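Asker: The structure follows.
The values are calculated or read from the model by the stated rules, or taken from the named source; none is laboratory data. Here the structure is a predicted model, which is why all the values come from computation and not from measurement. Quick reminder, even Gly has a Cβ in these numbers, built from the backbone with ideal geometry, and neighbours come from all protein chains shown.
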Ligand code: GLN
């Protein structure tokens, strides 16, 4: 039996029946990494220690932007090389307590800025379904690791789609929880009002199990919300009969790959046959999503990233010749060498939007449009249990295809940014393959704190469709 190929719930079952020991799972996953990570490059670094297995001894990959005590965390950036956090992120703490085995830091776009993992200082990750393709981003390493059986579970973060889009490109399940559902304490900030940590898993059941571990109020994160955490696996058993699901017409427009459209339509049919009722609806402000997101996210990033100046974290670079002053030159030099081109672009865009004279026209306007986008959702969720559509307009593109065209890269986030702007939970579940055998993702969105609805619909669909049983040939 290839243990690395099993799901967490299957492995936990085998442990309970005393058929396998936690050490065997860890060995199987580590061996898998040894064999194929030279091709996939899902990990930046591995944790060689032998973690104490607890009640839930599942090997898990952690995106390289969560603080882990005494272990390097670099956010895919040169500027943070050598940085070791003095504390564990709350999510890491919860995972350690559960007994999960943290096996390494997965690759990501630098500071989570990107949709392909090509912006990593450590080089691109490859898509297990086609090694010449991107795995999506920014949590591309996490999604690729799970798809390639190099991890049973993984943790990602999602600011504008960074869990869902790579999950869709790699044929796995990814959830961006409601803003406030999972503590952000110890997550290295990109855009604090949008960032949310979430699970990436091989199937819907595993995704629910992982959310059970990481969700919940945390007094170290003032934006986390004090609401009880249900047992999300209970939601899996409910059927979808009578649920009212909206199909936003703005998610089926020009730019949508016909193969993606057909797969999503076919998924709707499956759910319809199971008794869900569908209706066409409108989210009229969708077209402003990308502009709004890229103004708000870059503004927050320019402020969050001001702390990397060579003083407290990571690398320090001194200037060869004094130009302004040794201190100011050190800031300049460190940031110049430490940040990659995309991060610099975002810092400049954000600084511009926030600068006096432009603030009202860009940042403030962006906040107002954000409210309009959120109102669209609030209105629909009065009548509908969920909304459904594609996760991404295309399947995984070729490595190198979009790196020199930031606008086309930004536009590919069209279906995912709205959930972050409005704070709602959204999940991507595999819904088929293109003729090139690349995975397609179905996105389901629900009202705030109704992750159970997402699991319920996704599970009903998954059990009929069975796409999760397919594996890439590596
Ligand atoms: N692709 C989006 C961006 O580049 C989203 C990134 C994310 O969710 N971290 O900003």
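Asker: Looking at 175, 220, which one is touching a residue at least 12 places away in the same chain (Cβ under 8 Å) and over 18 Å from residue 146 (Cβ atoms)?
Answerer: 220
Asker: Here's something else I'd like to know. Please indicate, with yes or no, whether at least one residue in the range 52-64 is over 23 Å from the mean Cα position of the chain (by Cα) and crowded, with 17+ Cβ neighbours inside 10 Å.
Answerer: yes
Asker: Within the range 146-198, can you find the residues that are more than 10 Å from the ligand (Cβ to nearest atom) and within 8 Å of the chain's Cα centre (by Cα)?
Answerer: Passing the criteria: 155, 167, 174, 175, 197, 198.
Asker: Follow-up question, since we're still on this one. Do we have residue 312 as surrounded by fewer than 19 Cβ atoms within 10 Å (Cβ to Cβ), more than 30 Å from residue 369 (Cα to Cα), out of contact with any helix residue (DSSP H, G or I) (no Cβ under 6 Å at 6 or more places or on another chain) and in contact (Cβ under 8 Å) with a residue 40 or more places away in the chain here?
Answerer: In short, no.
Asker: Of 202, 238, 234, 244, which residue is modelled with pLDDT of 95 or more, within 30 Å of residue 3 (Cα to Cα), surrounded by fewer than 24 Cβ atoms within 10 Å (Cβ to Cβ) and more than 16 Å from the ligand (Cβ to nearest atom)?
Answerer: Result of the check over 202, 238, 234, 244: 234.
Asker: Whether any residue in the range 68-84 is surrounded by 22 or more Cβ atoms within 10 Å (Cβ to Cβ), touching a residue at least 12 places away in the same chain (Cβ under 8 Å) and within 13 Å of the ligand (Cβ to nearest atom) is what I want to check.
Answerer: Among the residues of the range 68-84, at least one is surrounded by 22 or more Cβ atoms within 10 Å (Cβ to Cβ), touching a residue at least 12 places away in the same chain (Cβ under 8 Å) and within 13 Å of the ligand (Cβ to nearest atom), which makes the answer yes.
Asker: Can I ask one more? Given the conditions (1) farther than 30 Å from residue 34 by Cβ; (2) touching a residue at least 40 places away in the same chain (Cβ under 8 Å); (3) surrounded by fewer than 24 Cβ atoms within 10 Å (Cβ to Cβ), which single one is not true for residue 456?
Answerer: For residue 456, the exception is condition (3).
Asker: Follow-up question, since we're still on this one. Can you find, within the range 132-157, the residue that is surrounded by the fewest Cβ atoms within 10 Å (Cβ to Cβ) among those that are closer than 18 Å to residue 434 by Cβ and in contact with a helix residue (DSSP H, G or I) (Cβ under 6 Å, 6 or more places away or on another chain)?
Answerer: Ranking the candidates gives 147 first.
Asker: Filter the range 114-136 for residues that are over 18 Å from the mean Cα position of the chain (by Cα) and either within 13 Å of the ligand (Cβ to nearest atom) or closer than 16 Å to residue 163 by Cα (or both) and give the result.
Answerer: none
Each row is one residue, and each column tells you yes or no for (1) within 21 Å of residue 459 (Cα to Cα); (2) crowded, with 24+ Cβ neighbours inside 10 Å; (3) modelled with pLDDT under 95; (4) in contact with a helix residue (DSSP H, G or I) (Cβ under 7 Å, 6 or more places away or on another chain).
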| site | (1), (2), (3), (4) |
| --- | --- |
| 167 | yes, yes, no, yes |
| 177 | yes, yes, no, yes |
| 180 | no, no, no, no |
| 184 | no, yes, no, no |
| 188 | no, yes, no, no |
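Asker: Follow-up question, since we're still on this one. Could you name every one of the strands (runs of 3 or more DSSP E) located completely within the range 358-474 that has at least 3 residues being within 15 Å of the ligand (Cβ to nearest atom) and within 21 Å of residue 194 (Cα to Cα)?
Answerer: 426-433
Asker: Does at least one position in the range 389-410 carry a residue that is surrounded by 24 or more Cβ atoms within 10 Å (Cβ to Cβ), modelled with pLDDT of 95 or more and farther than 28 Å from residue 244 by Cβ?
Answerer: Checked the range 389-410: at least one residue is surrounded by 24 or more Cβ atoms within 10 Å (Cβ to Cβ), modelled with pLDDT of 95 or more and farther than 28 Å from residue 244 by Cβ.
Asker: Looking at (1) touching a strand residue (DSSP E or B) at 6+ places or on another chain (Cβ under 8 Å); (2) more than 19 Å from residue 203 (Cβ to Cβ), can you tell me which one residue 8 breaks?
Answerer: Failed condition: (2).
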